[in-house]
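The values are calculated or read from the model by the stated rules, or taken from the named source; none is laboratory data. Computed from a predicted structure; not experimentally measured. Quick reminder, even Gly has a Cβ in these numbers, built from the backbone with ideal geometry, and neighbours come from all protein chains shown. Please note that ligands, DNA and RNA were not included when accessible areas were found on the heavy atoms of the full protein model with its side chains. Shrake-Rupley method; radii C 1.70, N 1.55, O 1.52, S 1.80 Å.
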Amino acid sequence: MFENGTAVSFEVSAMAAATACSLFGVGAVIGAVPAGAVSSVFGRRVSLIVSEAHVVFGWLMIAFPKAARMLYVGRILQGVGCGAMCTIIPMYVGEIAEPEIRGFLGGLYQLFVVSGILYSYVLGNFLNYTQLNLACGFWMVVHILGVLYIPESPYFLIQENRRVDAEEAIARIRDPSHNCKTELDEIQKFVEEEQKNSYTAREVLERDVNRRALTIGIGCMFFQQMSGINAIIFYMKHVFEISGSDISPEVCTTVVGTIQVAMTFVSMMITDKFGRRSLMVYTMTFMGVCLLALSYYFFSKKYNPHVAETLDWLPLVAIVVYISMFSIGCGPIPYIIIGEIFSSELKSMGTGMSIATNWILVWLVTCLAEPMDKFIGPSGTFFVYSGFCFMGMLFVVNCVPETKNRSLAVIQSDLEKN
């Protein structure tokens, strides 16, 4: 759209378009790293509103650009806002949710993410460039208005010695019959224990329990992005073509987006029943098998075409199963875990570092897609990422505790014991 001159009034080269796309990831890292610390000073609500304002201004600059630099600045602003929100929202959800529904609410966050992707896929088939950008930016304005009506995190209010406000916040999000005082006492005890000493960043990381939690958070985000999801997206059009399908690329992306939404909804329904750890282990195993199947298919297509002809159905099936498994486990659950696993003293730093790791790898894996295709081909690419899936499964088995139906205080206690 940029290159054929139909989107904007000035010429945009292929390099400029690619640069604009990549700057989103740069902005996301810039926004993610300090977001936790900022939200600890100003509160989750205010920090969310400021982050969302960055995204709104980004959409406006992209919708009405006068020069390529406006595209660059707009994408950076969007990245900063989204990176910060990806840090703050899991923290907030982990702090306001009851243990029995924390997985459900954490999955709801990811459901809206994939629903937004599907929304842009569908509208992209009907709207022009400016209309699509405004249609996407509209929902950020709605989100700002919604945040004005949500309560502040009771954990933040207790940290600020605002117990009365914390009690009112809990009362707003709990059943009338709920014993808010007992929950508030538990939160206060947890926060006071964490605040007994003032720690520097170095002292925080010297504690075994904090290093363990940081390893879990960063590890989950590392294996989420190294599981091959961007390689699947990179080869999606090619796979649909070789499967003999007459479906257009636009319809392909819509189908994939629909699968993501449906399976993320399934994840919401089952995460609190089957547990985070179990779902991560089983889905990453299935994802590894799917990538091995794709690797075998492309290897056969190159060296034994007669065998590959009998397996034309395999790539399509493997991709559908892979996307389903990613949307159930590896996609939403790392965001749930980072909202649960960090102590108060580590939460800001740990969540920011985990999200920054995620966005750095998004940028890196996307940049490596074409070079890997050139040097080792699709067979080698899928084989490499299948290895990361199996390594991720072993990481979860050996390092990640089960957190379902446990309060944040109990999770910290279990980490210290283990």
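Please go through the range 241-262 and pick out each residue that is open to solvent by 50 Å² or more (accessible area, probe 1.4 Å), among the aliphatic types (A, V, I, L, M) and either at pLDDT 85 or above or not in a helix (DSSP H, G or I) (or both).
Ile247
Tell me, which residue of the range 362-408 that is of a type in the set (A, V, I, L, M) and open to solvent by 50 Å² or more (accessible area, probe 1.4 Å) is nearest to Ile341 (Cα to Cα)?
Among those residues, the one meeting the criterion is Val397.
Let's see how each residue does on (1) among the polar types (S, T, N, Q); (2) under 24 Å from the mean Cα position of the chain (by Cα):
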position	(1), (2)
Gly377	no, no
Ser386	yes, yes
Cys389	no, yes
Cys399	no, yes
Ser413	yes, no
Glu416	no, no
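Does Val320 qualify as being within 24 Å of Thr258 (Cβ to Cβ), in a helix (DSSP H, G or I) and touching a Gly at 6+ places or on another chain (Cβ under 6 Å)?
In short, no.
Residues in the range 134-155 that are touching a helix residue (DSSP H, G or I) at 6+ places or on another chain (Cβ under 9 Å) and either open to solvent by 60 Å² or more (accessible area, probe 1.4 Å) or over 25 Å from Ser47 (Cβ atoms) (or both): how many?
Of the residues in the range 134-155, 7 are touching a helix residue (DSSP H, G or I) at 6+ places or on another chain (Cβ under 9 Å) and either open to solvent by 60 Å² or more (accessible area, probe 1.4 Å) or over 25 Å from Ser47 (Cβ atoms) (or both).
Name the one entry in Gln110, Gln131 that is of a type outside the set (Gly, Ala, Ser), assigned to a helix (DSSP H, G or I) and open to solvent by 70 Å² or more (accessible area, probe 1.4 Å).
Gln131
If you take the residues in the range 42-67 that are assigned to a loop (DSSP other than H, G, I, E, B) and surrounded by fewer than 18 Cβ atoms within 10 Å (Cβ to Cβ), which one is modelled with the lowest pLDDT?
Among those that are assigned to a loop (DSSP other than H, G, I, E, B) and surrounded by fewer than 18 Cβ atoms within 10 Å (Cβ to Cβ), it is Ala67.
Go through (1) at pLDDT below 90; (2) part of a helix (DSSP H, G or I); (3) among the aliphatic types (A, V, I, L, M); (4) open to solvent by less than 30 Å² (accessible area, probe 1.4 Å) and name the single condition Ile341 misses.
Every condition holds for Ile341 apart from (2).
Each row is one residue, and each column tells you yes or no for (1) acidic (Asp, Glu); (2) under 30 Å from Met280 (Cα atoms); (3) more than 19 Å from the chain's Cα centre (by Cα).
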| position | (1), (2), (3) |
| --- | --- |
| Ala16 | no, no, yes |
| Gly36 | no, yes, no |
| Val56 | no, no, yes |
| Met85 | no, yes, no |
| Pro99 | no, yes, yes |
| Gly106 | no, yes, no |
| Val113 | no, yes, no |
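Residues that are of a type in the set (Gly, Ala, Ser) and not in a helix (DSSP H, G or I): does the range 135-143 have at least one?
No, the range 135-143 has no match at all.
Can you tell me which residue among Gly31, Gly25, Gly36 is small (Gly, Ala, Ser) and at pLDDT 85 or above?
Gly31
For the range 263-280: of the residues being surrounded by fewer than 22 Cβ atoms within 10 Å (Cβ to Cβ) and small (Gly, Ala, Ser), which is modelled with the highest pLDDT?
Ser278
Going through the range 161-180 one residue at a time, which ones are surrounded by fewer than 14 Cβ atoms within 10 Å (Cβ to Cβ) and assigned to a loop (DSSP other than H, G, I, E, B)?
Within the range 161-180, Asn161, Asp175, Pro176, Ser177, His178, Asn179 meet the criteria.
Quick check: anything in the range 197-204 touching a helix residue (DSSP H, G or I) at 6+ places or on another chain (Cβ under 7 Å), farther than 15 Å from Glu95 by Cα, modelled with pLDDT under 90 and not aromatic (Phe, Trp, Tyr)?
yes
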